[in-house]
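Heads up: the structure comes next, in C-alpha cells.
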Amino acid sequence: MQGRSSPSWYPVSVDRETDCPTTRYRPLLLTRNFGLVWSGQLISQVGDGISKLALLWFVYAVTGSPLKTSVIGLLQTIPPIVLGPFIGVYVDRLPKKYLLIISDLLRALLIGLIPCLIPVESFTVSVLYVLVLLHAIATAVFGPALTAAVPAVVPKTQFTAANALLQGTTSLGIIFGPALSGLGIVAYGSQEVLCLNAATYAVSALCLLLVRFSESAAKVTSSAPHSTLVQDLIEGFRFGVVSRPVILLLTGTAALYTCGTAALTALFPVFARKMLDLGPVEVGYLWSALGIGLLVTSIGLLWATDWTVKDRTNLIVGTSLLSGAAICALVWTPHAYPAGILMGLIGAGMGAFTPIAWGIIQELTPKHLIGRVLGLYGTGAMTAAIAGISAFGWITERHGPETGLLGIAIMMFVTALVALRMSRACARY
C-alpha cells in the first residue's frame, strides 16, 4: 500500500510491520488482509448457521429427547476443554495461516462431504455424533488460531473493532443460515442441508490462502527458546494467573457467560418447539432474530474500540443485564412475534462479551503467548459451557422449558455482577 495514492477515507500512515492502518480514518474492513479473512469467515459462518440447526433438528426429530439433543452441544465443547491448552502451545509455535487453512479443509470434509456420501439408512445419530466430535476438534484449532492472528493483520488500536467485525460474520451467519436451513430441511431433509458446508469452508480456505499474515508474533521467542511442551504450558499459565490476574478474572466471567449462552443456543429448538409449538422454518426465523441483535451490537462496538478496558468491561455489565431481562420476558411470551423481538434483544446483549474479551487478551498479552492464554481462556469457558448444557438440558427435561430459561437468565445476571467486579480491577489499564 505504501507509495500509492489513497482515497480520502484511507489512513495516511501504515504500520510497516503488519501492513495495517494506524490512524482512526480507515476502511470498514480495516486492511486488505483483514478483508480477505472477514470475507472467508462470512461465507463459512453462513454455512455454519445452515448446518447448526440441521444438526440439532436431526437429533431431536429422531430421538425426541432434549437431553440427547444437547449432546451435540456437549460434543462441540469437549475438544476445547481437553485439548485447549495444548492447542494454544502449537498456535504460538506454528504458522497460523496454515493452521487455519488445514482446519477449514478438515471441517469441509467432516460436516460437508462425508454426510453427502453416507447412505440415508446408515446416517444415524451415532454417526453424526462422531462427525460432530471430529469437526469440533478442527474448530478447536481454528478458533484460537484466528483470534491469535488478529494482531498480525490489524494494529493494536483496532483489536476490538476487528473482533467485532469477525463476530459480525457470526451474526450474519445466524441471521441467514438458520432461515435457509429451515427451508432446506422442509424441502430436502437435514442430511442434504449439511452438504452445503463443504463449499463454504473451501471458500474460506481459499480466502485465507491469499492473506499475507505478519508472522512477527511467531518470531518473538519466550524466555526459553527450546522449551518443552510442559514448559510452554507453565509459562502461559503463569502469565494468565500470576502476572495478569485480570485475565484470570476475565476467564471466570467468561465461564459464567458461556454457561448460560451455550445452554440457550443448544436447547433453543427445544424451547421454541415446546413453548411456542413452532416448526423448523419458524425456529430458523427466531434464530435469525438473535443474529440481528448480535450484528447490531457488533457494529456498535466499532465505535468502542478506543475505549479503556474499564469502560468496555462496564459495557459487558449492561449488555448482560439486558440479555437476562429479555430471557425472563421470553418465558411469559406465548406468541412468535414478541418472541422474535426478545430474541433480538438477547442477541444484542450477548454480542458485546466476546469481542471485548478477546480484545483485552490481545492487548494485555505478549504476542508469543496469545495462543496459550486463549487456550486457557477457552478451556475455562468451555468447561462452564458443557456444565451449563448438561445442567440446563436436565432441568428442561425434568422441570420444563420455562424453568430452564429462568435458570439461564439467572446466569446472565450473575455474569453482570462478576463483570462489575472485574471493571474495578481493570481501572489501571
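The values are calculated or read from the model by the stated rules, or taken from the named source; none is laboratory data. Note that the coordinates shown come from a computational prediction; the quantities given were computed from them, not determined experimentally. Every residue, glycine as well, gets a Cβ built from its backbone with ideal geometry; the counts of neighbours run over all protein chains shown.
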When only residues in segment 69-104 that are farther than 28 Å from PHE58 by Cα and of a type in the set (Gly, Ala, Ser) count, which is modelled with the lowest pLDDT?
GLY84
Residues that are surrounded by 24 or more Cβ atoms within 10 Å (Cβ to Cβ) and under 14 Å from GLY344 (Cα atoms), drawn from segment 262-285:
LEU264, VAL283, GLY284
Residue list for segment 319-334, filter: without any contact (Cβ under 8 Å) to a residue 60 or more places away in the chain and in a helix (DSSP H, G or I)
THR319, LEU322, ALA326, ALA329
Complete set of residues in segment 383-399 that are touching a residue at least 60 places away in the same chain (Cβ under 8 Å) and either aromatic (Phe, Trp, Tyr) or out of contact with any Gly (no Cβ under 7 Å at 6 or more places or on another chain) (or both):
THR383, ALA384, ALA385, ILE386, ALA387, SER390, ALA391, PHE392, GLY393, TRP394, GLU397
Limited to segment 383-420, what total is found for residues that are surrounded by 18 or more Cβ atoms within 10 Å (Cβ to Cβ) and of a type in the set (D, E, K, R)?
1
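Quick one: count up the residues across segment 248-261 that are surrounded by 21 or more Cβ atoms within 10 Å (Cβ to Cβ) and either touching a strand residue (DSSP E or B) at 6+ places or on another chain (Cβ under 9 Å) or of a type in the set (A, V, I, L, M) (or both).
Here the count works out to 4.
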Return a yes/no flag: does segment 85-104 have any residue that is crowded, with 23+ Cβ neighbours inside 10 Å, polar (S, T, N, Q), out of contact with any strand residue (DSSP E or B) (no Cβ under 9 Å at 6 or more places or on another chain) and in contact (Cβ under 8 Å) with a residue 60 or more places away in the chain.
no
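To keep it simple, each residue is scored yes or no on (1) farther than 26 Å from THR383 by Cα; (2) free of Cβ contacts under 8 Å to residues at least 24 places away in the same chain; (3) charged (D, E, K, R).
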{"site": "LEU249", "(1), (2), (3)": "no, no, no"}
{"site": "THR258", "(1), (2), (3)": "no, no, no"}
{"site": "LEU264", "(1), (2), (3)": "no, no, no"}
{"site": "LEU267", "(1), (2), (3)": "no, no, no"}
{"site": "ASP277", "(1), (2), (3)": "yes, yes, yes"}
{"site": "SER288", "(1), (2), (3)": "yes, no, no"}
All-but-one check, ILE234 against (1) at pLDDT below 80; (2) part of a helix (DSSP H, G or I); (3) of a type in the set (A, V, I, L, M, F, W, C); (4) over 20 Å from the mean Cα position of the chain (by Cα), failing number (1)
Subset of segment 385-429 [over 17 Å from GLY318 (Cβ atoms) and of a type in the set (Ser, Thr, Tyr)]:
SER390, THR396, THR403, TYR429
In segment 248-301, what residues are part of a helix (DSSP H, G or I) and of a type in the set (Asp, Glu)?
GLU282
Within the bounds of segment 399-407, is there any residue that is among the hydrophobic types (A, V, I, L, M, F, W, C), closer than 27 Å to TYR60 by Cβ and within 22 Å of the chain's Cα centre (by Cα)?
yes
Which condition does TYR337 not pass, out of (1) in a helix (DSSP H, G or I); (2) at pLDDT below 90; (3) touching a helix residue (DSSP H, G or I) at 6+ places or on another chain (Cβ under 9 Å), if it passes all the others?
(3)
Is there a residue being touching a Cys at 6+ places or on another chain (Cβ under 9 Å) and at pLDDT below 85 anywhere in segment 309-324?
yes
With the requirement that a residue be surrounded by fewer than 23 Cβ atoms within 10 Å (Cβ to Cβ) and part of a helix (DSSP H, G or I), what does segment 60-71 give you?
TYR60, ALA61, VAL62, THR63, LEU67, LYS68, VAL71
Return the residues of segment 148-165 that are in a helix (DSSP H, G or I) and either touching a strand residue (DSSP E or B) at 6+ places or on another chain (Cβ under 6 Å) or closer than 13 Å to ILE356 by Cβ (or both); say none if nothing qualifies.
PHE159, THR160, ALA161, ALA162, ASN163, ALA164
